[in-house]
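A short write-up of the structure that comes next.
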């Protein structure tokens, strides 16, 4: 890599044509929502509390209406389990219906064809209807997996580049590495491997998260 003060370094740019789908955006939402173990634990605890609350309410209604009476722990557990399963399925169905109902415009800012460019100054996204630019200091995290590359500008907001946009896996990896190179130079945020205290380059993971 050239020096950050080198004129050629400052003049280089790397652009890619992107056409997002709703599936790409949903995959990003899933990644953002479960990005930390703490969030997963909180969601799990919240699900248990909601299920227990729902069971208690239903149980009290059944007792009050005297539809039938039972004191068997096995029956109580069975009813609780059924309520939890049915409640989870209903919530998932509602969520999917909600997402589908709130579909994006094909020519809107999210799904319209665009160009995402990285250079010494930051990340630029431009389409026929919008244009945005974020300096590297405004990028909080660069993450990638087998589905896409994500430049996080907030916990639930990112520039999204599907991996199948690139012609080869090597091209995608080169793009990510160049982005991380710029990010480290301009933002001062390190590329410390969270899985290895020695920051061994041989053990790099696919996510860069500033301390």
Q | Filter result (surrounded by 16 or more Cβ atoms within 10 Å (Cβ to Cβ), free of Cβ contacts under 8 Å to residues at least 60 places away in the same chain and out of contact with any helix residue (DSSP H, G or I) (no Cβ under 7 Å at 6 or more places or on another chain)) within segment 135-150 | A | none
(Q) Restricting to segment 146-178, give me the number of residues that are over 19 Å from residue 21 (Cβ atoms) and in a loop (DSSP other than H, G, I, E, B). (A) 2
Q | Residue count, segment 14-51 (criterion: more than 23 Å from residue 157 (Cα to Cα), modelled with pLDDT of 70 or more and surrounded by 12 or more Cβ atoms within 10 Å (Cβ to Cβ)) | A | 1
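The values are calculated or read from the model by the stated rules, or taken from the named source; none is laboratory data. Everything numeric in this text was worked out from a predicted model, so none of it was measured. With ideal geometry, Cβ positions are generated from the backbone for all residues, glycine too; neighbour counts draw on all protein chains shown.
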